[in-house]
1. Let me confirm something: among ARG127, ARG60, ARG55, ARG92, which residue is closer than 18 Å to VAL17 by Cα and modelled with pLDDT under 90?
2. Which residue is modelled with the lowest pLDDT, if the candidates are limited to region 285-316 and must be β-branched (Val, Ile, Thr) and closer than 27 Å to GLU228 by Cα?
3. Which ones in region 241-257 are part of a strand (DSSP E or B) and either without any contact (Cβ under 8 Å) to a residue 12 or more places away in the chain or open to solvent by 30 Å² or more (accessible area, probe 1.4 Å) (or both)?
4. Quick test of your reading of the structure: TRP152 fulfils all but one of (1) open to solvent by less than 50 Å² (accessible area, probe 1.4 Å); (2) within 24 Å of LYS35 (Cα to Cα); (3) touching a residue at least 24 places away in the same chain (Cβ under 8 Å); (4) assigned to a helix (DSSP H, G or I). Name the failing condition by number.
5. Within region 107-119, track down each residue that is modelled with pLDDT under 90 and among the small types (Gly, Ala, Ser).
6. Return the residue satisfying two criteria in turn: it lies in region 296-310 and is open to solvent by 30 Å² or more (accessible area, probe 1.4 Å) and of a type in the set (D, E, K, R), and of such residues it is nearest to ILE267 (Cα to Cα).
7. Kindly list, by first and then second residue, each pair from a residue in region 227-240 that is of a type in the set (Gly, Ala, Ser) to a residue that is part of a strand (DSSP E or B), limited to pairs with Cβ atoms under 7 Å and residues at least 6 apart or on different chains.
8. Being open to solvent by 50 Å² or more (accessible area, probe 1.4 Å), among the aromatic types (Phe, Trp, Tyr), out of contact with any Leu (no Cβ under 6 Å at 6 or more places or on another chain) and outside any strand (DSSP E or B), is that true of even one residue in region 225-238?
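The values are calculated or read from the model by the stated rules, or taken from the named source; none is laboratory data. Because the structure is predicted, anything quoted here is derived from the model rather than measured. All Cβ positions, even for glycine, are placed from backbone atoms using ideal geometry, and neighbour counts span all protein chains on display. Surface accessibility is based on the protein's heavy atoms, side chains included, excluding ligands, DNA and RNA. Shrake-Rupley method; radii C 1.70, N 1.55, O 1.52, S 1.80 Å.
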Amino acid sequence: MNRFFHNNRWRISLLLVFPWFFFGGPEYENSQIFKEVWNIGHIIFFAIFALEANRYCIARYLPSRTKNISIMLAIFSLATGIEACQSLIPGRVASLQDIILGLAGGLAVVLWKEASQHSVQKKIILRTLGMCGIALCLIPLLLVVFDQYRTWRDFPVLSDFESFLDVCRWEPKSRIARVRKPVKSGHYALMVSLTTDKYSGIALDHFPENWSKATALTFSVYNPGEAETLHYRVHDWKHRGENQDYSERFNGHSNLAFGWNTIIIKIEDIKNGPKNRKNDISHIKGFGIFLVDQPVARVIYIDNVKLLLIETSNHR
């Protein structure tokens, strides 16, 4: 029995991991690092798949070049099929990135095994190419790790747009762009394109969630047009799933005059925002701004989103 598991350990691993493509996985509230680490599982799974295909199945019946092409086609077909099936499952979506990660994992193994049949120089080239493909796929994880370090380093600033990585934590990406003018401080602000949808806005996720040492949340908004009412919301970790009622989070609004407007929201108001409970200000998960029932599309700019801390607020 032990010999059986030893000889088939990689096949068994594939069978055990395969269901996780369709069940489990990161949720919306999980950290960016966890999501990116989870994605690396595609590289590992298809690298093992390529190893097994090379060792037991395809390798016995095909010449080297045909074998490698067949393995990559099999990986592409399986990865694409998995993503197609995921798109049919409520709450999951197909991802081109996941297909690319799977191809990168398989290609790294194919090139590594192929290199063993060539000269030292070609062996180095082939294996370097394979590892470079893996390295490129790890760039998103490295950027997320660096951005998480930045959020810790720059706290109580939540987002000042001085780095392009700040934009990655705002959604939806299609409505935002980092610009040099107008700015409230520093060199960049965020341009927000708003539509005529009933609720049109953006939201910030993945920031330091412990606001218990803050007295207020503040941010600046530039209004280039007529006066308007800006709405905003803050919610904690409990505001998720079926518990996303309007009354179960903090909601507020401010009048926007022409030019720069500085908005200050007291942490006490955020804490007491929900109707039937209190926001857990040590686990804040989301902050959003939006306009309601706009007759025409318009643009606003935001900058310098930060917390005012207890120890510094007395000096302001």
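1. Every option except ARG92 fails the conditions.
2. We begin by selecting, within region 285-316, every residue β-branched (Val, Ile, Thr); these are 289, 292, 296, 299-300, 302, 305, 310, 312.
Retained after the next criterion (residues that are closer than 27 Å to GLU228 by Cα): 289, 292, 296, 299-300, 302, 305.
Values: ILE289: 95, VAL292: 93, VAL296: 90, VAL299: 94, ILE300: 95, ILE302: 96, VAL305: 96.
Across region 285-316, the extreme among qualifying residues is VAL296.
3. Taking region 241-257 as the starting set, the residues that turn out to be part of a strand (DSSP E or B) are 250-256.
The answer is ASN251, HIS253, ASN255.
4. (1) is the only condition that TRP152 fails.
5. ALA115, SER116, SER119
6. The first filter runs over region 296-310 and keeps only residues open to solvent by 30 Å² or more (accessible area, probe 1.4 Å), leaving 296-299, 301, 304, 306, 310.
Now drop any that are not of a type in the set (D, E, K, R), which leaves 298, 306.
Working: ARG298: 30, LYS306: 12 Å.
For region 296-310, the residue satisfying everything is LYS306.
7. Qualifying pairs under 7 Å: ALA227/ASN255; ALA227/LEU256.
8. yes
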